[in-house]
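Here the structure is laid out as C-alpha cells; the discussion comes afterwards.
The values are calculated or read from the model by the stated rules, or taken from the named source; none is laboratory data. These numbers come from a predicted model, not from an experiment. Counting neighbours? That spans all protein chains shown, and the Cβs are built from the backbone with ideal geometry, glycine included. We work out accessible area using only protein heavy atoms, side chains counted, and drop any ligands, DNA or RNA first. Shrake-Rupley method; radii C 1.70, N 1.55, O 1.52, S 1.80 Å.
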Amino acid sequence: MASPRVLSGIQPTGDSFHLGNYLGAVRQWVALQETHDAFYFIADLHAITVNPSPAELRRRTRVSAAQLFGAGIDPERSTLFVQSHVREHSELAWILMCNTGMGEAARMTQFKDKSAKYGETSAGVGLFTYPILQAADILMYQADYVPVGGDQKQHLELTRDLAQRFNARYGETFNVPAPYILKEVEKIGDLQEPLAKMSKSSSSPQGIIEVMEEPGPLRKKIMRAVTDTGSEVVADPENKPGVTNLLRIQSVFTGTPIPELEARYAGLGYGAFKKDVAEVVIEALAPIRERTEKLLTNEAELDRLLAAGAARASAVARETMELVRDHIGFLPKP
Ligand code: TYM
C-alpha cells in the first residue's frame, strides 16, 4: 500500500523563516518525509497578496527554498516545488471559490486580522480569497495530512468543508485531509510578547528568532526575552508564558521532557536557564544556516532541484484537474 501523503506550504515573506515556522511546521516536514509521501511548496501565489516588489519576491523564493533544503528536506524523498510553477493551483482556486459562501470566507480570522491592519477597504481581494487558494493547494494533491502550526486550524476546517461539499455536489473527487498539529509547538510565542505567536509581522524584531540569525544577536535576544515575575523555572502557560515558551523551545530541541528541565533549573534562576536555551538554539540552527548559505552560492543547482520538484508536482496536479474538470462539466479540451 502507498504511504499516506502529506502536503504543506510556507510563504516566502521574509529573508529568513523564524523559529515559529521551523518548530511549528518545517521540523515536522523533515520528520514526515521518512514515513510519508511528502509534498512541500513555497507559497509565492499567497505571498503576492501583500504586493512584494518583484526583486524581493524572487530573492525570497530562492532563499526560502534553500532554507527548506538546508533544514533537511531531502529532494530525493520529498517533492519540494514553487507554487506558481504548477499553474493548476490558480485554476482550482477559482473553481473552489465558486463553491464557497461569502459568509464562510468572511469568517476567517486571519483575514479579519490582516484586513484590520491594512484597512477594510484597502485590503486586497486576494487576502479575502487566500484560504480558498490554500484549500486548492491541499486538495490538488489529495493529501491525507497537513503539517502546520495552530494558526492554520481554521483554514484546514474550511478545506475539509470545501472537499466534502465538492464531493457531495459533483461526485467523489477529493480526499478529505486532516490537520497534523503538534500540541507542544503549535504556537511558539514572541520573545517580547509571549502570549502572542512569533510572527513575521511582530511589532518588534527583538521578539523573533530568525533561522538565519548569527549566534551573537540570537544569544542577546534570548537573554533579553521577557520572563515573568518570580525566579522559578516552571511551565505555567497562564502565569509564566515567557518561561513556558522558552521551556518548550528547549524541550523540543533537546528531546528532554519539561519536568526534567524544571528539576534541572530548580533554584538556579532565569539567567542560567536562558543561557542554556540560547546555546541549544544556536547549536540547532547553525547547521541549517550553513547548509542554506552554501546552497545559495549555487543558484543553478537550486533552480534545477525546484524544476524537478515542479515536474513531479505537476504530474499529480494534472491528474487531479482532469478529474475536477470532468466532474464539474467542462468539455474536454479539443
Ligand atoms: P506561513 O508562511 O505563515 O507559516 C508557515 C508555517 O509556520 C507555522 N507557524 C507557526 N507555528 C508555530 N508557532 C508560530 N509562532 C508560527 N508561526 C507560523 C504556520 O502555522 C505554518 O504552518 N497559509 C500558510 C501557507 C500555506 C499553506 C498552504 C499551508 C499556503 N498554502 C497549504 C499548508 C497547506 C501560511 O501562511 O503559512
Problem set entry | Odd one out for ASP228, checked against (1) open to solvent by less than 60 Å² (accessible area, probe 1.4 Å); (2) in contact with a His (Cβ under 8 Å, 6 or more places away or on another chain); (3) at pLDDT below 95 | (2)
Exercise. Counting only residues that are more than 8 Å from the ligand (Cβ to nearest atom) and in contact with a strand residue (DSSP E or B) (Cβ under 9 Å, 6 or more places away or on another chain), how many does region 124-140 have?
Worked result: 1
Problem set entry | Of all residues making up region 171-222, the number that are open to solvent by 70 Å² or more (accessible area, probe 1.4 Å) and either of a type in the set (Asp, Glu) or closer than 18 Å to LYS274 by Cβ (or both) | 8
For this session: Starting from region 14-25, keep only residues that are farther than 14 Å from GLY189 by Cα and more than 6 Å from the ligand (Cβ to nearest atom), then list their pairs with residues that are modelled with pLDDT under 95 and open to solvent by 10 Å² or more (accessible area, probe 1.4 Å) whose Cβ atoms are within a distance under 6 Å, requiring at least 6 positions of separation or different chains.
Result: GLY14/LYS200
Exercise. Looking at region 141-161, is at least one residue within 12 Å of the ligand (Cβ to nearest atom), open to solvent by less than 30 Å² (accessible area, probe 1.4 Å), small (Gly, Ala, Ser) and part of a helix (DSSP H, G or I)?
Worked result: yes
Problem set entry | Sole exception among (1) farther than 27 Å from LEU68 by Cβ; (2) within 16 Å of the ligand (Cβ to nearest atom) for SER251, by number | (1)
Exercise. Among the candidates ALA311, ALA286, which residue alone is aliphatic (A, V, I, L, M) and free of Cβ contacts under 8 Å to residues at least 60 places away in the same chain?
Worked result: ALA311
Problem set entry | Qualifying position, being free of Cβ contacts under 8 Å to residues at least 40 places away in the same chain and either open to solvent by less than 70 Å² (accessible area, probe 1.4 Å) or closer than 15 Å to VAL185 by Cβ (or both), among THR254, THR244 | THR254
